[in-house]
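Asks: Before I ask anything, let me first share the structure, which is written out below as structure tokens.
Every read-out reported here was derived from the displayed coordinates using simple, explicitly stated rules and does not represent laboratory data. Model, not experiment: these values are computed from the prediction. No Cβ is skipped: glycine too gets one built from the backbone with ideal geometry, and neighbour counts run over all protein chains shown.
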Amino acid sequence: MTETLTSGEARLQAQAAPEGEIAAATHTLVIGPYLARNAYGTGPGQAAPTRSVEARLDEATGLAAAIELDVLESLAISLPRIRPSTYLGKGRVEEIAGLIRAREIGLVVMDCALSPVQQRNLEKAWGAKVIDRTGLILEIFGRRASTREGTLQVEHAHLAYQKSRLVRSWTHLERQRGGFGFLGGPGETQIEADRRMIQERMTRIERDLDAVVRTRGLHRQSRARVPYPIVALVGYTNAGKSSLFNTLTRAEVTAKDMLFATLDPTARATKLPHGETVILSDTVGFISDLPTPLIAAFRATLEDAIEADVLLHVRDVSHVDSEAQAEDVGEVLRELGIETSADRIIEVWNKADLLDDDERTRLLNLSGQAKTRNDRDSAAPVLVSALTGEGLAALTARIEARIGRNRASFAVALPPEDGAALNWLYENTEILDRRSEADGTLHLAVRIAPEKEPRFLNRFTAARRLGRGG
């Protein structure tokens, strides 16, 4: 159904969404204004970032490239302190203004969170459009989201962001006359009217999202009637989640060497080596300093991760800041209220094909040490390459072991003519082992989900319990 906008809402969309109007191939300057390490405090939450300046600037440049901006130059600036009016010092602002004029730059991306006043002042000083990290990520999300839920969530987050920034670049916000006759009061300012329209639009989006979430709940209930375990892939953006998802499910989800190549969640049913069917879910990638509105907005798209039986934390171990990225993922998961216990997460060390021999050996040794430190092999990380298929057999075995920890295993003997019973076992259990005697009798070791165990025991009364975990 096409939605009709009032003239005021149409103007609001045209003027209140500057981040949505960034043209591809715009000449862009990326600035990383990072506090010097001695400028950080020692209190809680004041520690200096673990990620290097070079890696942070490279990531910001990659974010700009993800929407095809023409990045002419990127600068890292060490700040002794943050200036309330312009974030940068006066000398730096003037120096960058000369660079912008000389290179005819139309857009400046600041890899930080700017206040509305700082953003407005920098735009005036530089004569160019300025967006901060939050605005850039919102722009990427706006272009990548394709499902109804994703687009609604992005619009809601964008409106919440813009609501506090109406003062930034609008010149038409004169006070309207109100009341009646000559003695009427000053009335409502244009900025208040526009802020009210934004709030009304946000309220409508929230109602639409409630309807979408209810529909997703119905889908989840229907899926619960065929209760397959959920295995959700989580990880830093560009860690290779979608490539791994495609390899394990033989799907064709977009997978590119690009930050935020995919945003909308995708789920597919796939069979593990011993016959267990699982729902594999690919989720949006995380990133450091993820805008707070987007954490709330995309929580619904991570419902599979919230409810998952197993989380695969996919890490790009070829990246110089792999450890820092892993910390960022853990922090976002905790903010979303997702349990991150060791019993639930399997670390997947991806992109083994990009490692040199020495680094590959080191990581294999670390993985082996983790196995010896833990009683259960399924607690150790696994080194894989989604591109070449290296380590995927070990990964699927690890998933099976994790899912099967609390499942009972049984020994079953079948006469060779009982094909119906054999078919039932293959459809409803994991076949861990199968052997045949000379007379054709089949001996099977099977593992079964708790909800199917009563039916199994009713049908195979002579089955012998082997234990749990298989």
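Asks: Between Asp418 and Arg435, what length comes free when the chain is fully extended (0.36 nm per residue of separation minus the Cα-Cα distance, one decimal in nm)?
Replies: Here the segment from Asp418 to Arg435 would lengthen by 4.6 nm.
Asks: What are the ³J(HN,Hα) couplings of region 341-357, residue after residue, when phi is run through the Karplus curve with 6.51, -1.76, 1.60 and θ = phi - 60°? Round to Hz, x for glycine and proline.
Replies: Going residue by residue, I get 5, 5, 6, 10, 9, 10, 7, 10, 8, 8, 6, 4, 5, 9, 8, 7, 4 Hz, with x marking Gly and Pro.
Asks: Then there is this: Would you please give the FRET efficiency between Glu307 and Asp208, computed as 1/(1 + (r/R0)^6) with r the Cβ-Cβ distance and R0 = 41 Å, to the nearest 0.05?
Replies: With a Förster radius of 41 Å, E is 0.95.
Asks: If you don't mind, another one. By the scheme Lys and Arg +1, Asp and Glu -1, what is the net charge of all other residues having a beta-carbon under 11 Å from that of Leu383?
Replies: Result for the local shell: 0.
Asks: Suppose each label sits 7 Å from its Cα in the direction of the beta carbon; what would the Glu323-Lys124 distance come out to in nanometres?
Replies: 4.5
Asks: Now for a different question. Can you give the extra length, in nm with one decimal, that the chain gains between Leu387 and Ser78 once fully stretched, where that is 0.36 nm per residue apart less the Cα-Cα distance?
Replies: Working: separation 309, 0.36 × 309 = 111.24 nm, distance 3.82 nm.
Gain on stretching Leu387 to Ser78: 107.4 nm.
Asks: With r as the distance between the Cβ atoms of Arg334 and Ala36 and R0 = 22 Å, compute the FRET efficiency 1/(1 + (r/R0)^6) and round to 0.05.
Replies: 0.15
Asks: What nm value, rounded to one decimal, do you get for the distance between Ser52 and Arg455 when each label is placed 7 Å out toward the C-beta?
Replies: Roughly 5.6 nm, to one decimal.
Asks: Working out 0.36 nm times the residue gap between Glu95 and Ile191, then minus their Cα-Cα distance, what length gain in nm do you get to one decimal?
Replies: On the way: separation 96, 0.36 × 96 = 34.56 nm, distance 3.34 nm.
Additional length available on full extension: 31.2 nm.
Asks: Report the paramagnetic label zone for Leu364: residues of region 301-339 whose backbone N is under 18 Å from a point 7 Å from Cα along the Cα-to-Cβ axis.
Replies: 317-318
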